[in-house]
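Everything below concerns the one structure shown next.
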Amino acid sequence: MAKSKTLLIIGFVLPEPKSSAAGNRMMQLIELFLADGYQITFASTAQNLEFSEDFSLLGIQYKTIELNSATFDAFVLELNPDTVLFDRFMVEEQFGWRVSESCPKALKILDTEDLHCLRQARQLSVKENRKFTPNDLYSEVAKREIASILRCDLSLMVSEFEIEVLQQQFKVSKDILYYLPIFAERLAEVPTYEERNDFVFIGNFLHEPNWDCVKYLSETIWPLLHAKLPEAKMLIYGAYPSQKVLELHKPKHNFYVMGRADNAFEVVKNARVVLAPLRFGAGIKGKLLEAMQCGTPSVTSSIGAEAMAGDLDWNGFIKDLPNDFVEAAVTLYKDKKIWERSQEKGFDIIENRFKKSHFEYDCITKINSLSENLLQHRNNNFIGAILQHHSLSSTKYMSKWIEEKNRK
């Protein structure tokens, strides 16, 4: 009988699929590997949160691990996984050298979630009230993130645009990048135009772009929109709202901070329009994908819509200037024909670009092929081998110094 394939996932946090797109993404990857017969262990330094996934229901082993501790070396050596998946580059920085030292033959995969250096560069340009330029990309975070990508055998990317950035700006080989978006299916039944009311925004408030977006909605977009549609409400949903988010709750102006949604689909499918004037960010926006699944048209920014529709028409409007954004929101809210056409465009995007069946076979085939030809693949990525050699040495001895210090 053939030995079961083993996968170790080292998580930045424990996934909360009902709270964030990142949590949903991680659970989709887990399901992909489970379907191919992998035995999975999920390890993390993070503590269980209230809405974390219960791995025991899926037959997944969970292990709490420590930073800068030789206990991880013993753990991973005994597990001896065939494949290791790092959840974001910071995790690879912390544990990648230990995996390479203890299990040199394990296939190392990085799930980037989004390109952090791109998101942070855009955030800086917004903070400094200026236009983003490609020169903003070349930051300390970029050096760390690109090094992590090069050290891994394969990096999973949710955005085709980010693959272009890596290839064109940083000259990363396409051989170590793989496009795998978040999967989505349209809901079987959704309310009609007449059965819906109000505008909605939904997003985890631990994610900085969401806080900035809601603040921008409250201060800039909603006063203009409320003046044109005084009967409509703006409903803000999201897990982990801070005090500064809660202080934006203004019922007299029909601006409501609702907190965490028990069921995001129920919230989104009963709204008439999703508003997401994101000013910075990267990757695929889960809130806009949910809007398409629910048949809810949206108005968003160029950043929000980035890499989602491909050559297809957006399910609503893409507007970056406040007055244009507000006019588009009013049009979608009031014009039933435009609203229904926009809904169909969203369904088309889901069907053509995000169905799991378009990607699952090719993805597993790619991973199995890399496992079988790992030595040649690594020889082709010699820059990655150089970075692995130097980072293993430098990170290793820094970590061991911390480990010794913690013992005293």
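The values are calculated or read from the model by the stated rules, or taken from the named source; none is laboratory data. Just so it is clear, the structure is predicted and the values come from calculations on it, not from any experiment. Glycine also receives a Cβ, built like all others from the backbone with ideal geometry; neighbour counts cover every protein chain displayed. Ligands, DNA and RNA are excluded from the accessible area calculation, which covers all protein heavy atoms including side chains. Shrake-Rupley method; radii C 1.70, N 1.55, O 1.52, S 1.80 Å.
Residue count for the range 172-209, restricted to those that are open to solvent by less than 30 Å² (accessible area, probe 1.4 Å), of a type outside the set (Phe, Trp, Tyr) and not in a loop (DSSP other than H, G, I, E, B): 5.
Checking each residue in the range 293-324 for being in contact with a Ser or Thr (Cβ under 8 Å, 6 or more places away or on another chain), buried (at least 20 other Cβ atoms within 10 Å of the Cβ) and in contact (Cβ under 8 Å) with a residue 60 or more places away in the chain picks out Glu306, Ala307.
Filtering the range 43-96 to residues that are in a helix (DSSP H, G or I), aromatic (Phe, Trp, Tyr), modelled with pLDDT of 90 or more and under 21 Å from the mean Cα position of the chain (by Cα) leaves Phe89, Phe95. Residue count for the range 15-42, restricted to those that are in a loop (DSSP other than H, G, I, E, B) and either of a type in the set (Ser, Thr, Tyr) or closer than 19 Å to Ile109 by Cβ (or both): 6. Checking each residue in the range 228-247 for being without any contact (Cβ under 8 Å) to a residue 60 or more places away in the chain, of a type in the set (A, V, I, L, M, F, W, C) and either buried (at least 18 other Cβ atoms within 10 Å of the Cβ) or touching an Asp or Glu at 6+ places or on another chain (Cβ under 7 Å) (or both) picks out Met234, Leu235, Ile236, Val245. Taken over the range 361-377, the residue count meeting the criterion of being crowded, with 16+ Cβ neighbours inside 10 Å, more than 19 Å from Glu31 (Cα to Cα) and either charged (D, E, K, R) or touching a helix residue (DSSP H, G or I) at 6+ places or on another chain (Cβ under 9 Å) (or both) is 2. Scanning the range 14-35 for residues being touching a residue at least 40 places away in the same chain (Cβ under 8 Å) and open to solvent by 50 Å² or more (accessible area, probe 1.4 Å) gives a total of 3. Only helices (runs of 4 or more DSSP H) whose full extent lies in the range 210-274 are considered here, and the ones with at least 3 residues that are in contact with a strand residue (DSSP E or B) (Cβ under 7 Å, 6 or more places away or on another chain) are 264-269.
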